[in-house]
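Down below is the structure, laid out as structure tokens.
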Amino acid sequence: MTEPVAYPPAPPPGAWPRWRRASLIIGFLVVWGAVLRMGPAWGADYGGPLIDAHSHVPNATAIDAYVAAMKRHNVVKVVLLGVGGLQKDDTIWLTAAGKKHPDRVVAGLPLPDPTSESAASQLEVQLERGRPRVIGEVHLRQVGRRTIDRDPNGAAFGKILDVAGKLGVPIVIHYELTDPAEAALDRALAAHRKTTIVLAHGGEGPPRRLDRLLTRNPNLLVDLSGMHFQRTPALASETGALDPGWKALIEKMPDRFMIGIDLWAARLFEPGMLDRLFLWTRRILGELKPDVAERVAHRNAAALFHIE
């Protein structure tokens, strides 16, 4: 039987040798540095400037509440679009918003009826007269709230795309994708390579479909507006992680995506709701690689819409 080992008593608090305390501090700093280098996965929201690349106004006064929220959340610009012919006063409201808040608002040029034979000639006159930086939102295919199914290869719309390409103005389309719709949009993009088309709301995905379209068509960009936690499909729930399929695609093609909120209903302009939407936006951007987040948050939109 061996004699029990007598261990020395633990030192009283504060009596640890200096070298041991220093080692513990250094060890903690090394671990914490590694945590920080792991970046957004640990919950760091995107903190840089935002450009809302796709929103609307439901009346003449809603823009004031929105601009107040922009100041709270470092949103440097908002691109305001028409609502595909649903609101007869879109042009008046957008023009007024741009004049009242010229440092915040980029007013798009609505195009209510893309099937009109005179739309292209009227568009050319408007573009040459006012030089707007974006056309839209043009509703080509929408299922649900109202049923629209217009061929992007139709003769009238083809002339519109030609005018947009000739004058170098991007056009935002609402076009919900299916297999046949993907093929039709593919043909339109190939036939009008000089025209930049922005597919609103991610075309409702899924990511693998967007991957195919973006790979084949360098003149296609995607805005991620209207994919927040109140909509379906969503990029993420209000507190959940960014959908891994969308995350992978955005990081694969970081120069092809722009963030947007897609405000349109009056209830979305309440201050509390605006705060929730912008906090959500910054949270999901924070899950992207920092350089990707910066592109999607503002750099891509700034380049496309000539925003300084």
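Any residue at all in region 271-286 that is of a type outside the set (Gly, Ala, Ser) and in a loop (DSSP other than H, G, I, E, B)?
In the first step, residues of region 271-286 are kept if they are of a type outside the set (Gly, Ala, Ser); the result is 271, 273-285.
If we keep only those that are in a loop (DSSP other than H, G, I, E, B) as well, we get none.
Among the residues of region 271-286, not one is of a type outside the set (Gly, Ala, Ser) and in a loop (DSSP other than H, G, I, E, B), which makes the answer no.
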### Task
Write out, first by first residue and then by second, each pair whose Cβ atoms fall under 9 Å of each other, whose residues are 6+ apart or on separate chains, and whose first residue, in region 262-279, is farther than 18 Å from residue 80 by Cα and of a type in the set (Asp, Glu) while the second is outside any helix (DSSP H, G or I) and at pLDDT 95 or above.
275/73
### Task
Go through region 47-76 and give me each residue that's touching a Gly at 6+ places or on another chain (Cβ under 8 Å) and in a strand (DSSP E or B).
52, 53, 54, 55
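Kindly indicate whether any position in region 39-53 is modelled with pLDDT of 95 or more, out of contact with any helix residue (DSSP H, G or I) (no Cβ under 9 Å at 6 or more places or on another chain) and either among the hydrophobic types (A, V, I, L, M, F, W, C) or assigned by TED's automatic domain parsing to the domain that holds residue 265 (or both).
No: zero hits.
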### Message
Looking at the structure I just gave you, is residue 261 surrounded by fewer than 20 Cβ atoms within 10 Å (Cβ to Cβ) and part of a loop (DSSP other than H, G, I, E, B)?
### Response
no
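If the requirement is being touching a helix residue (DSSP H, G or I) at 6+ places or on another chain (Cβ under 7 Å), surrounded by fewer than 15 Cβ atoms within 10 Å (Cβ to Cβ) and not polar (S, T, N, Q), which of these qualifies: 287, 238? Show your work before the answer.
On the way: 287 fails: surrounded by fewer than 15 Cβ atoms within 10 Å (Cβ to Cβ).
When all the criteria are applied, what remains is 238.
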### Message
It is to be established whether one or more residues within region 133-144 are under 19 Å from residue 219 (Cβ atoms) and small (Gly, Ala, Ser).
### Response
yes
### Message
Being touching a helix residue (DSSP H, G or I) at 6+ places or on another chain (Cβ under 9 Å) and over 22 Å from residue 70 (Cα atoms) narrows it down to one residue among 209, 282, 267, 295; which is it?
### Response
209
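The values are calculated or read from the model by the stated rules, or taken from the named source; none is laboratory data. Since we're looking at a predicted model, the values are computed, not measured. Cβ atoms come from the backbone with ideal geometry, glycine included; neighbour counts cover every protein chain shown.
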